[in-house]
Amino acid sequence: MDSRPVELEAYLNNVGICESRWPTTGAFNIWSNTFPAEELPPRGSRVDVGGVTFRFPAAGPGGEDNLRCRGQSVEVPSGAYDWIYLLAAAERRTEDALALRYSDSTQRRQWLRVSDFWPETAARFGELEAFRCARMLYPRHSQPNMAPVIWRTTSVTRGFSRAQVIDSFFSEQSGRRAST
């Protein structure tokens, strides 16, 4: 699959993956839960999820490893795109509009839907399970059988051409048959 990566390190603004011995260093959600780093791909490594290659997030200067959407604009490389693929996780599922700004200054909203990351929750929107951990980290302990999921989700761009993606998710690449 032809895809173009989008480097997101400058946009990372949250810590959601921690070493088990340091569970208090992150806060993926309001309860400061985190994904155990030992059960996920190495930071910065390339991973294939359903035929799409992603670069698993490396840690930023403060350990940031994911992007919480807060109305940011993310520049993508020039090109014509049909899809945006994301590695994403959400609590209690989310359905938000992803704003695509085109090179001619028009803007179009597309749905970005991400199923719940909690255990025993099926993909509500047809996402592909990318990674499932055997436990979840809480600030003071590790909870077995709380198996959080990171999904590979897709947003249709309908001929999106050289633009900004506004409001992105826990993601890595975007591109022609794009992956974010």
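The values are calculated or read from the model by the stated rules, or taken from the named source; none is laboratory data. Everything numeric in this text was worked out from a predicted model, so none of it was measured. Methodologically, a virtual Cβ is constructed for each residue, glycine included, from the backbone with ideal geometry; neighbour enumeration extends over all protein chains shown.
What to note about this one:
- When the criteria are applied in full, Arg92 meets the requirement of being outside any strand (DSSP E or B), of a type in the set (D, E, K, R) and at positive phi.
- Restricting the range 14-50 to residues that are polar (S, T, N, Q) and surrounded by fewer than 15 Cβ atoms within 10 Å (Cβ to Cβ), the residue that is nearest to Gln143 (Cα to Cα): Ser20
- Residue among Trp22, Trp31 that is closer than 23 Å to Ala134 by Cβ and out of contact with any Pro (no Cβ under 9 Å at 6 or more places or on another chain): Trp22
- Unique match (being touching a strand residue (DSSP E or B) at 6+ places or on another chain (Cβ under 7 Å) and at positive phi) among Gly63, Gly26, Gly16, Gly50: Gly50
- Residue ranges of strands (runs of 3 or more DSSP E) in the range 7-89 with at least 1 members over 14 Å from the mean Cα position of the chain (by Cα): 46-49, 73-75, 80-88
- Candidate set from the range 51-68 (those that are surrounded by 17 or more Cβ atoms within 10 Å (Cβ to Cβ) and over 11 Å from Gly16 (Cβ atoms)); member that is modelled with the lowest pLDDT: Gly60
- Exclusive hit being out of contact with any Ser or Thr (no Cβ under 8 Å at 6 or more places or on another chain), charged (D, E, K, R) and free of Cβ contacts under 8 Å to residues at least 60 places away in the same chain, set Glu75, Glu38, Glu9, Glu91: Glu9
- Verdict on Ala97 being at pLDDT below 85, over 22 Å from Ser3 (Cα atoms) and not in a loop (DSSP other than H, G, I, E, B): yes
- Test for Trp118: is it at pLDDT below 85 and among the aromatic types (Phe, Trp, Tyr): yes
- Among (1) closer than 17 Å to Ile84 by Cβ; (2) part of a strand (DSSP E or B); (3) among the hydrophobic types (A, V, I, L, M, F, W, C), the one test that Phe125 misses: (2)
- Sole exception among (1) in a strand (DSSP E or B); (2) among the aromatic types (Phe, Trp, Tyr); (3) surrounded by 19 or more Cβ atoms within 10 Å (Cβ to Cβ); (4) within 16 Å of the chain's Cα centre (by Cα) for Trp111, by number: (3)
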